[in-house]
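> The following block contains the structure, expressed as structure tokens.
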Amino acid sequence: MKSEYIAHVKQAEDGQWAVHPLADHLFHTATIAEGFGAEFHSAEWAWLAGLWHDLGKYRPAFQKHIRKSSGYDPNASISSEKDPKKNHASTGAIYAMHYMTEQGCEAFGRALAYMIAGHHAGLPDFAKSDVKGRSLDDTLMRDKDFLQEALSEQIPAKVLAGCVPKTRLPVDTLCDLHCWIRMVFSALVDADFLDTEQFMQPGKAAQREANYPDIPALLECFDAYMRKMTGALDAQAKTSEVNRLRAEVLQQARGKAKDGPGIYTLTVPTGGGKTLSSLAFALKHACVHNKQRIIYAIPYTSIIEQTANTFREVFANCGDVVLEHHSNVEPEESREITTTRLAAENWHIPVVVTTTVQLFESLFAARPSRCRKLHNLVNSVIVLDETQLLPPGNLDPIRHLIKLLAKHYGVTFLLTTATPTPSTGVKDAFGKILLADLGATEVIAQPARYFQRLQRVIYTLPANFHSPQNWEEIAKQVQQHSSVLVVVNKRNDARQLFVAMGKNDGTLFHLSALMCPIHRKRVIDEIKQRLEDGKPTRVVSTQLVEAGVDFDFPVVFRAVSGLDSIIQAGGRCNREGKLKDASGKPMLGQVIVFVPPTPPPEGLLTKAFETTASLLKGCQEAIDSPQMTNRYFEHLHTRLSEFDSNGVLPLLQNDADAINIQFRTAAQRFQMIEQGQTFTVFMDYGEDEKERKKVKTWLGMLASGQMDRWLIRKLQPYSISLYHYQKQALLNANAIEETESGYYIIAGPGVYDERLGFIGDECAINDGMIF
């Protein structure tokens with residue numbers, strides 16, 4: 001048997017073998033991890049994690065396994081007692097515990113053990129739980145003999161000789177240690193991936209060496225773009241009050257960006273230029289304070305596509321610097337390796353546009369592939385768009401992470417909204433703190449005055465919030481307007497009103513999440529073009545249009561709901577302030593709030609409705625002012641009173657004497673979108689015969705049992721989510737069918753409508769469906 005210790009081995013096309021020496025892999029991984037860890041004052045810890053992560057590969061059993069399984073040494077014998085490949089990570093974890101305990105630092109030995117034991121399988125729970133996977137406690141006990149097997153080999157003394165780092169950890173108490181462990185873990189797993197890739201796929205590794213422009217260059221690009229826009233904002237400002245306000249907001253954002261790192265809010269009326277102003281703040285702040293990248297997190301994929309396209313236009317002269325990272329994005333060629341695609345693995349790119357779900361679920365994740373990007377959040381500017389849409393049941397863990405990242409990891413947050421929630425925290429009637437104070441600073445001086453200046457609509461409220469109208473009555477009122485948007489609370493409400501609107505004459509459109517993403521996008525684009533051309537356009541939609549979709553209707557009808565949703569719907573009305581009466585004088589758009597025949601879905605939306613009805617009864621003040629929306633959220637949050645509904649933080653925050661963190665369970669519990677309630681169905685949809693044929697081919701591959709990741713990503717834009725309780729009825733009605741791979745696809749013709757999307761069997765479509 002060959003004498004070298006192997007980390008990885010590969011065979012070239014000419015039959016020659018190449019060996020990645022284990023000691024080289026350990027030192028190179030440690031060096032890369034050290035560089036990542038240095039960004040948050042943890043270089044020595046990241047070095048040790050990298051140095052010891054693959055100590056288990058020195059075990060004779062593993063060396064025999066890699067030789068045999070790779071074909072490098074077909075005669076190598078493998079013990080059948082245990083699979084050494086699965087167990088090599090535990091050895092380094094056990095060594096870290098032993099070494100640090102001998103140095104009187106048992107707690108930090110355990111911290112390293114979490115990272116090393118989990119560098120393939122993911123950060124473990126400390127103790128047994130209901131979540132699949134071995135606990136750290138079990139691993140340390142069960143595999144304790146593996147360390148002695150490894151130490152009996154000729155391990156270089158420099159690998160085993162560590163030292164207890166003297167650097168002060170970026171934590172205030174042990175309760176904050178979970179974030180630090182996850183950050184060093186991120187540095188470790190990314191370093192391990194990169195060094196392994198350098199050996200196994202050097203061509204792919206070389207593609208990562210993109211020479212991106214620095215942040216000052218991006219700011220120059222942005223400034224040039226702004227000057228080019230209709231001769232600069234100053235020139236635009238002369239054309240309307242809306243543009244004057246946008247110019248002022250932009251100027252204030254630039255000025256405030258010079259202030260120190262921390263947590264900021266940007267409160268701007270809908271249509272007030274929030275996207276470009278927030279980007280201006282992020283770029284200027286990053287230049288002044290040497291931040292390394294900008295991450296833009298947005299609630300909906302429809303807004304992400306729109307925002308990413310705007311940013312690509314802004315940075316057109318800077319090269320490919322924008323990563324659009326969400327489930328509906330896939331390179332045109334399924335197996336094409338591009339710089340942008342590689343950047344999606346670890347976010348090593350100047351500008352990332354992603355979903356709020358992707359960002360925060362990664363921050364609470366346990367899996368290496370999801371955690372790998374986290375160290376690249378350090379020393380960045382993170383813009384959280386439409387923060388009023390953050391789920392209340394997760395607000396406590398989310399705010400906890402925001403404060404930790406801002407205080408210890410050099411992250412500046414900018415929280416943007418047109419309907420501000422209280423950043424000062426929430427207390428109950430007895431003074432108990434329900435929601436922590438973020439300590440945020442507002443970018444805009446006296447934002448309320450901008451809401452007054454940018455009054456573009458008048459709200460008409462129902463006389464009685466508990467007196468519903470039927471769909472036929474609502475349809476008659478809507479049809480009095482040639483161009484109008486109606487926003488309802490549920491998918492089936494949208495369908496019912498669409499049908500009640502009568503025969504379609506080419507001016508009527510429907511939008512809901514029963515239409516697959518690519519279908520919705522095309523309809524949204526068509527609606528925008530019709531509005532721009534001045535053509536009559538009537539739209540019935542769920543609330544998916546309320547955040548960031550740049551519609552500009554003269555009249556908007558909104559089913560009564562939470563006050564924030566009503567105001568967001570109002571942002572689709574007279575958005576540019578261009579409405580004029582018959583004499584040419586400026587006039588206000590109309591937002592008509594009505595009571596639909598069906599109540600809102602139970603839970604959060606019902607409480608939001610009740611809060612709104614209580615707050616607006618007899619209201620005589622402007623309902624879209626920051627003062628009113630703050631009051632609304634204070635009342636709503638008091639009604640909710642639970643901001644960590646899945647009990648995530650107690651799983652992460654240790655007692656004072658030990659580090660007993662349940663990483664895996666916390667990751668499973670922290671869900672921005674409830675996973676257990678819905679399942680995915682892939683649609684047979686195409687705008688033309690060529691596209692439909694392509695989609696049919698993919699569906700056929702899925703039906704035959706194929707389930708490659710690239711195939712699922714290709715089909716993602718042709719999917720919808722349905723509720724599990726509907727599944728059996730849909731199967732019985734032959735509306736959907738289950739494939740051999742366990743995925744669900746549309747069952748045949750007549751189930752997907754070109755206007756309504758998925759129609760399935762009417763008995764299986766329940767009123768409780770929301771977008």
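The values are calculated or read from the model by the stated rules, or taken from the named source; none is laboratory data. Source: prediction; values computed, not measured. Please note: Cβ atoms are built from the backbone with ideal geometry, for glycine as well, and neighbour counts cover all protein chains shown. Just so you know, the surface numbers come from the protein's heavy atoms only, side chains and all, with ligands and any DNA or RNA stripped out. Shrake-Rupley method; radii C 1.70, N 1.55, O 1.52, S 1.80 Å.
> Please determine, by comparing only the residues of the range 127-172 that are of a type in the set (Gly, Ala, Ser) and part of a loop (DSSP other than H, G, I, E, B), which one is most open to solvent (accessible area, probe 1.4 Å).
Among those that are of a type in the set (Gly, Ala, Ser) and part of a loop (DSSP other than H, G, I, E, B), it is Ser152.
> Moving on to the next point. For the subset of the range 13-26 comprising residues that are open to solvent by 10 Å² or more (accessible area, probe 1.4 Å) and touching a strand residue (DSSP E or B) at 6+ places or on another chain (Cβ under 7 Å), which member is farthest from Asn376 (Cα to Cα)? Before you say what the answer is, go through the steps one by one.
Within the range 13-26, the first condition is being open to solvent by 10 Å² or more (accessible area, probe 1.4 Å), and the residues that meet it are 13-21, 23-24.
Next, only the ones that are touching a strand residue (DSSP E or B) at 6+ places or on another chain (Cβ under 7 Å) stay: 17-21.
Numbers: Trp17: 35, Ala18: 32, Val19: 30, His20: 27, Pro21: 28 Å.
The residue in question is Trp17.
> Name every residue in the range 695-711 that is over 15 Å from His519 (Cβ atoms) and either touching a Pro at 6+ places or on another chain (Cβ under 7 Å) or without any contact (Cβ under 8 Å) to a residue 24 or more places away in the chain (or both), in order of residue number.
Lys696, Thr697, Trp698, Gly700, Met701, Asp708, Arg709
> Quick one: in the range 252-303, of everything that is in contact with a Pro (Cβ under 9 Å, 6 or more places away or on another chain) and part of a loop (DSSP other than H, G, I, E, B), which residue is modelled with the lowest pLDDT?
Once the filter is applied, the top-ranked residue is Pro269.
> Can you tell me how many residues in the range 622-644 are in contact with a strand residue (DSSP E or B) (Cβ under 7 Å, 6 or more places away or on another chain), open to solvent by less than 30 Å² (accessible area, probe 1.4 Å) and either closer than 17 Å to Gln568 by Cα or not in a helix (DSSP H, G or I) (or both)?
So the answer is 3.
> Let me ask another. If you take the residues of the range 246-265 that are within 20 Å of Gly577 (Cβ to Cβ) and of a type outside the set (Lys, Arg), which of them is surrounded by the fewest Cβ atoms within 10 Å (Cβ to Cβ)?
Going through the qualifying residues, I end up with Gln251.
> Mind listing whichever residues of the range 453-477 are farther than 25 Å from Glu532 by Cβ, touching a helix residue (DSSP H, G or I) at 6+ places or on another chain (Cβ under 8 Å) and outside any loop (DSSP other than H, G, I, E, B)?
Arg453, Tyr459, Trp471, Glu472, Ile474, Ala475
> Next up: Scan the range 478-491 residue by residue and report those that are within 32 Å of the chain's Cα centre (by Cα) and in a loop (DSSP other than H, G, I, E, B).
Those that are within 32 Å of the chain's Cα centre (by Cα) and in a loop (DSSP other than H, G, I, E, B): Val488, Asn489, Lys490.
> Do we find a residue being closer than 30 Å to Ala113 by Cα, more than 24 Å from the chain's Cα centre (by Cα) and small (Gly, Ala, Ser) anywhere in the range 641-650?
No, the range 641-650 contains no residue that is closer than 30 Å to Ala113 by Cα, more than 24 Å from the chain's Cα centre (by Cα) and small (Gly, Ala, Ser).
Table: residues versus (1) at pLDDT below 85; (2) more than 26 Å from Arg522 (Cβ to Cβ).
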| site | (1), (2) |
| --- | --- |
| Thr678 | yes, no |
| Glu687 | no, no |
| Gly700 | no, no |
| Gly705 | yes, yes |
| Trp710 | yes, no |
| Leu715 | no, no |
| Arg755 | no, no |
| Asn766 | yes, yes |
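> Just need a number here: residues in the range 603-621 that are open to solvent by 60 Å² or more (accessible area, probe 1.4 Å) and touching a residue at least 60 places away in the same chain (Cβ under 8 Å).
2
> I'd like to check something: does the range 696-719 contain any residue that is crowded, with 17+ Cβ neighbours inside 10 Å and not in a helix (DSSP H, G or I)?
Looking through the range 696-719, at least one residue is crowded, with 17+ Cβ neighbours inside 10 Å and not in a helix (DSSP H, G or I).
> Those residues that are of a type in the set (Ser, Thr, Tyr) and in contact with a helix residue (DSSP H, G or I) (Cβ under 6 Å, 6 or more places away or on another chain), I need them from the range 1-35; list them, please.
Tyr5, Thr29 - these are the residues of the range 1-35 that are of a type in the set (Ser, Thr, Tyr) and in contact with a helix residue (DSSP H, G or I) (Cβ under 6 Å, 6 or more places away or on another chain).
> Shifting gears a bit: Please tell me if Gln529 is closer than 29 Å to Met628 by Cβ and assigned to a helix (DSSP H, G or I).
The answer is no for Gln529.
> So, one more: Can you work out which of the residues in the range 27-58 that are within 16 Å of Cys163 (Cα to Cα) and either touching an Asp or Glu at 6+ places or on another chain (Cβ under 6 Å) or of a type in the set (Phe, Trp, Tyr) (or both) is surrounded by the most Cβ atoms within 10 Å (Cβ to Cβ)?
So, considering only residues that are within 16 Å of Cys163 (Cα to Cα) and either touching an Asp or Glu at 6+ places or on another chain (Cβ under 6 Å) or of a type in the set (Phe, Trp, Tyr) (or both), the one surrounded by the most Cβ atoms within 10 Å (Cβ to Cβ) is Ala46.
> For a quick check of your reading of the model, give me the residue pairs whose first member lies in the range 177-198 and is touching a residue at least 40 places away in the same chain (Cβ under 8 Å), whose second is open to solvent by 10 Å² or more (accessible area, probe 1.4 Å) and charged (D, E, K, R), with beta-carbon atoms closer than 7 Å and at least 6 apart or on different chains.
The qualifying pairs are Ser186/Arg372; Val189/Arg372; Asp190/Arg372; Phe193/Arg372.
Let's see how each residue does on (1) under 23 Å from Tyr450 (Cα atoms); (2) among the aromatic types (Phe, Trp, Tyr); (3) crowded, with 19+ Cβ neighbours inside 10 Å:
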{"position": "Gln479", "(1), (2), (3)": "no, no, no"}
{"position": "Asn489", "(1), (2), (3)": "no, no, yes"}
{"position": "Val499", "(1), (2), (3)": "no, no, no"}
{"position": "Arg558", "(1), (2), (3)": "no, no, yes"}
{"position": "Gly562", "(1), (2), (3)": "yes, no, yes"}
{"position": "Arg572", "(1), (2), (3)": "yes, no, yes"}
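> Return the residue satisfying two criteria in turn: it lies in the range 196-209 and is within 18 Å of Cys318 (Cα to Cα) and open to solvent by 40 Å² or more (accessible area, probe 1.4 Å), and of such residues it is modelled with the lowest pLDDT.
Here the answer is Glu209.
> Suppose we filter the range 281-302 for residues that are under 21 Å from Met226 (Cα atoms) and in contact (Cβ under 8 Å) with a residue 60 or more places away in the chain; how many remain?
11
> Within the range 492-526, how many residues turn out to be in contact (Cβ under 8 Å) with a residue 40 or more places away in the chain, assigned to a helix (DSSP H, G or I) and touching a Phe, Trp or Tyr at 6+ places or on another chain (Cβ under 6 Å)?
2
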